[in-house]
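Working notes, beginning with the structure itself.
Derivation of every value follows stated rules applied to the coordinates shown; laboratory data play no part. The structure presented is a predicted model; accordingly, all values stated were derived computationally and were not measured. Glycine also receives a Cβ, built like all others from the backbone with ideal geometry; neighbour counts cover every protein chain displayed.
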Amino acid sequence: MARSRLILPLVAFMLSLIVVGAAWFAFDPMGETGSSAIGGPFVLTAQDGRKVTEKDLLGGPSLVFFGFTHCPDVCPTALYEIGLIYKAMGKEGDRLKTFFITVDPERDTPAVIKDYLSGFDARMTGLSGEPAAIEAVEKAYRVYAKKVPLETGGYTMDHTAIIYLMDGKGRFLSSLNIDRPPEENAKLIAKYF
C-alpha cells in the first residue's frame with residue numbers, strides 16, 4: 001500500500017516531465033541547432049516598390065506583423081502600439097525594423113499600404129505581393145488568414161494578430177505583448193541590438 005502511494009506520484013511526475021519536455025521542444029524557437037521553426041525565405045514588395053526578402057531582417061531585432069489595411073481595430077491598434085515603442089526607444093528606435101505584411105494582397109497593393117502606413121510611424125515597412133508569395137510567408141510564420149464574406153457585401157479577413165519579435169539572424173524570439181507599457185517593450189527589444 002505504501003509502495004503504491006509512492007509509485008503513483010512518481011508516475012505523475014514523470015509524465016509531467018515528458019509533457020513539459022515535449023512542449024519545450026515543440027515551442028523552443030531556437031531548437032538545438034539554432035534554427036527557427038517560425039519564419040523563412042520570402043520575396044515581397046515594399047510600399048516604395050523595392051523587393052524585400054528575409055535577409056532584410058538581418059543585423060538587428062525586427063518586428064513582423066501580419067494584417068490588412070481594411071482592418072477595423074486590431075491592425076491599427078497594433079501599429080499604433082508599435083509606434084509608441086519606437087517613441088519609447090528614442091534614437092535607438094532607428095535601428096529597429098518593423099514589417100507589416102498584408103494578408104489581403106487582393107486589395108493591399110504597395111500604393112494602398114503606403115497610404116495606410118502614412119498614419120503610423122514612418123520607420124515601418126509595408127509588404128505585399130502575389131497571393132502565392134503571401135501564402136508562402138503566412139505558412140512560414142504559421143499565420144492563419146481567411147477571407148470572410150460580409151452580409152453587406154465585400155469581405156473582411158480573419159487572421160493571426162501576433163507581433164513577432166525576431167533576432168538579428170532572422171530567428172523568432174517571442175511574440176511581443178502590447179499590453180505591456182511601451183517602455184518595457186522598448187527595453188526588451190533593446191537587449192537584442
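A few points about this structure:
- The length gained by stretching the chain between ARG123 and ARG107 to full extension, at 0.36 nm per residue less their Cα-Cα distance, is 3.5 nm.
- Note on LYS55, LYS114: ascending count of other Cβ atoms within 10 Å places them as LYS55, LYS114, the fewest first.
- Region 48-105: C-alpha gyration tensor shape, a/c 1.5 cut-off, then a/b vs b/c: oblate
- Region 33-152: radius of gyration over Cα atoms, expressed as a fraction of 2.2 N^0.38 Å: 1.05
- Over 29 Å between alpha carbons, listed pairs LYS51/LYS146; LYS114/LYS146; LYS91/LYS114; LYS87/LYS139; LYS97/LYS146: LYS87/LYS139
- Amide H contacts for GLY126 (H built 1.01 Å from N in the peptide plane; partners 5 or more residues away or on another chain; cut-off under 5 Å): GLN47, PHE100.
- Modelled spin labels at LYS139 and TYR192, positioned 7 Å past Cα toward Cβ, are 2.5 nm from each other.
- Prolate/oblate/rounded call for region 112-163, Cα gyration tensor, a/c under 1.5 rounded: oblate
- Karplus (6.51, -1.76, 1.60) ³J(HN,Hα), θ = phi - 60°, over region 50-63, in Hz, Gly and Pro reported as x: 7, 7, 10, 10, 4, 5, 6, 7, 6, x, x, x, 9, 10
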